[in-house]
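Novice: Would you mind keeping the following structure in view while I ask a few things?
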Amino acid sequence: MIRVLLAEDVRILREALAGLLGLEDDIKVVAEVERGDSIVPAALEHRPDVAVIDIEMPEMDGLDAAAELYERLPSCKALILTAVGRPANLRRGMRAQVAGFMLKDTGPRELSNAIRTVAKGGRLIDPHLAYAALTDEGSPLTEREAEVLRLTARGATPREVAARLHLSYGTVRNYLASAVTKLDARNRMDAVRIATEAGWL
């Protein structure tokens, strides 16, 4: 019997997943959590073979939780579910020793088979996610544009960024404008969001 922990913050999805997996003869859901920081404590208590983890969780994201899970309970394999395939998340997952990545629109049979695969020590990546990672062209930002956006993301004003990087205020504004244009963003905070989600900051 494959013991599974489900980590999903949307209750109806979590309960639906538990119900579907409960129909499988060889899979048993032993724990359900709704917060990222609850994953490792629940895994240590229930000792699942596989943790099916939503990537976007409150308190701690699924990839950070998977990395901690690997350190604390390496026998439990992490299978990440994501609505959007971002190459940066795939790379983070590989560093965290995640055993599998599946899109959330995966069918119940594919998910059950994925759980069986990772429980046996296999690895798998949804083909769409793999293709996105292979075709990722990387960041269009220069190193300085990324640095300016990174400081902006931490709440620094353009004048504070200028002082910290020993640049003129006008130069910082030019870097921000260039980043906004390259990322096709609405404003600098939108540029921060786009670059962060892409893993470029």
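Novice: Given R₀ = 35 Å, FRET efficiency for R144-E56 by Cβ-Cβ distance, to 0.05?
Specialist: That pair, R144 with E56, gives E of 0.70.
Novice: Would you please calculate the Kirkwood hydrodynamic radius of segment 143-197 over all C-alpha pairs and express it in Å, rounded to one decimal?
Specialist: Hydrodynamic radius (Kirkwood, Cα pairs) of segment 143-197 is 10.7 Å.
Novice: Further, regarding this structure: Given a Förster radius of 30 Å and the C-beta distance between L103 and D184 as r, what FRET efficiency does 1/(1 + (r/R0)^6) yield to the nearest 0.05?
Specialist: Working: r = 24 Å, r/R0 = 0.81.
For R0 = 30 Å, the calculated efficiency reads 0.75.
Novice: If you scale each eigenvalue of the Cα gyration tensor by 5 and take the root, what three semi-axes come out for the chain, rounded to whole angstrom and sorted largest first?
Specialist: Whole-Å semi-axes of the equivalent ellipsoid: 39, 17, 14.
Novice: While we're on this one: Can you sort L81, L44, L165 from fewest to most other Cβ atoms within 10 Å of each residue's own Cβ?
Specialist: L44, L165, L81
Novice: Mind checking segment 91-160 for GluC sites (Glu not before Pro) that DSSP puts in a loop (not H, G, I, E or B) and that have at most 12 other Cβ atoms within 10 Å? Don't jump to the answer; show the numbers that get you there.
Specialist: On the way: sites: E110, E137, E143, E145, E147, E160; in loops: E137.
Those that pass, being in a loop and sparsely packed, are E137.
Novice: Between T196 and E110, what's the calculated FRET efficiency when r is the beta-carbon distance and R0 is 30 Å? Round to 0.05.
Specialist: Here the calculated transfer efficiency is 0.50.
Novice: Could you work out the relative contact order of the chain, using alpha carbon pairs under 8 angstrom and six or more residues apart, expressed as a whole percent?
Specialist: 15
Novice: Counting other C-beta atoms within 10 Å, which of V10, V30, V180, V118 has the fewest, and how do the rest follow?
Specialist: V10, V30, V180, V118
Novice: Enumerate the residues in segment 23-49 having an amide nitrogen under 12 Å from the point lying 7 Å beyond the Cα of R72 toward its Cβ.
Specialist: 36-47
Novice: For the chain, take the longest principal axis of its alpha carbons; what is the angle in degrees between that and the long axis of helix 108-119, to the nearest 10 within 0 to 90?
Specialist: 90
Novice: Cut-off under 12 Å on the C-alpha distance; same-chain residues fewer than 8 positions from K28 excluded. Which aspartates and glutamates are left, in chain and number order?
Specialist: D49
No value in this document is a laboratory result; all are computed from the given coordinates. These figures come from a predicted structure and were not determined experimentally. Please note: Cβ atoms are built from the backbone with ideal geometry, for glycine as well, and neighbour counts cover all protein chains shown.
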